[in-house]
Amino acid sequence: MEFLGLAAIAVGVFLLMEGVAWAAHKYIMHGFGWGWHRSHHEETEGVFEKNDLYAVVFSVLAIALFVVGSNGHPVVFAVAVGITLYGVFYFVVHDGLVHQRWPFRAIPHRGYAKRLVQAHRLHHAVEGKEGCVSFGFLYAPPVEKLSAELRSRGTVVAERQARKPSEPRPTVS
Ligand SMILES: [Zn+2]
Ligand SMILES: [Zn+2]
């Protein structure tokens with residue numbers, strides 16, 4: 001296959017990965033995989049969080065595809081390139097720009113980058129597993145739409161009320 005065809009496959013897979021990431025985030029990470037993902041919704045100490053294991057899983061998958069691809073399967077190789085590109089983009093933008101785990105501080109004030117950051121911040125407005133919005137990443141819906149959705153679910157308010165310290169109990173002496 002021509003180089004251009006392979007490049008088109010890689011770009012296609014990159015875009016497709018947004019759908020895969022969305023579904024994995026919504027149905028796996030906020031489903032049976034919450035045990036790992038929870039660490040990403042709570043304050044964690046240290047450099048790493050359990051949620052990083054998902055990045056490891058995706059990397060292992062991409063490496064396996066690279067191995068198969070370099071043994072005479074250029075299409076598989078192109079797929080691996082697409083997955084890796086998405087991973088790198090996610091790692092730089094999600095971990096760097098949104099969560100500031102990278103040693104750069106940049107806060108986008110307009111355009112697509114700003115919307116992307118805000119949309120993901122709204123995903124983190126909810127601490128628990130249920131009632132979150134905005135599971136995708138590359139495609140960021142308008143912030144007003146997400147806020148309205150979040151408000152209509154009422155999860156943020158419910159969580160805030162649950163966190164309120166309960167009435168101090170009188171101590172028995
Ligand atoms: Zn999440
Ligand atoms: Zn996040």
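Per-structure values
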{"quantity": "Condition check for Met29: farther than 21 Å from His124 by Cβ and either exposed (fewer than 13 other Cβ atoms within 10 Å of the Cβ) or within 12 Å of the chain's Cα centre (by Cα) (or both)", "calculated": "no"}
{"quantity": "Segment 32-41, residues that are assigned to a helix (DSSP H, G or I), more than 12 Å from ligand 2 (Cβ to nearest atom) and without any contact (Cβ under 8 Å) to a residue 60 or more places away in the chain", "calculated": "Phe32, Gly35, Trp36"}
{"quantity": "Cβ-Cβ under 7 Å pairs, at least 6 apart or on other chains, segment 42-64 side under 18 Å from Lys129 (Cα atoms), far side hydroxyl-bearing (Ser, Thr, Tyr) and surrounded by 11 or more Cβ atoms within 10 Å (Cβ to Cβ)", "calculated": "Glu49/Ser39; Lys50/Ser39; Asn51/Ser39"}
{"quantity": "Segment 92-125 - residue that is away from ligand 1 (no atom under 16 Å from the Cβ) and within 22 Å of Val13 (Cβ to Cβ) and, of those, farthest from the chain's Cα centre (by Cα)", "calculated": "Tyr112"}
{"quantity": "Candidate set from segment 126-157 (those that are among the acidic types (Asp, Glu) and more than 24 Å from Glu43 (Cβ to Cβ)); member that is nearest to ligand 1 (Cβ to nearest atom)", "calculated": "Glu149"}
{"quantity": "Considering residues of segment 97-112 that are surrounded by fewer than 16 Cβ atoms within 10 Å (Cβ to Cβ) and assigned to a helix (DSSP H, G or I) only, the residue nearest to ligand 2 (Cβ to nearest atom)", "calculated": "Tyr112"}
{"quantity": "Hey, Val126 surrounded by 15 or more Cβ atoms within 10 Å (Cβ to Cβ), free of Cβ contacts under 8 Å to residues at least 24 places away in the same chain and aliphatic (A, V, I, L, M) or not", "calculated": "no"}
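Bear in mind these aren't lab numbers, they're just calculated from the coordinates by the rules spelled out. Source: prediction; values computed, not measured. Neighbour counts are summed over all protein chains in view; Cβ atoms, including those assigned to glycine, are modelled from backbone coordinates with ideal geometry.
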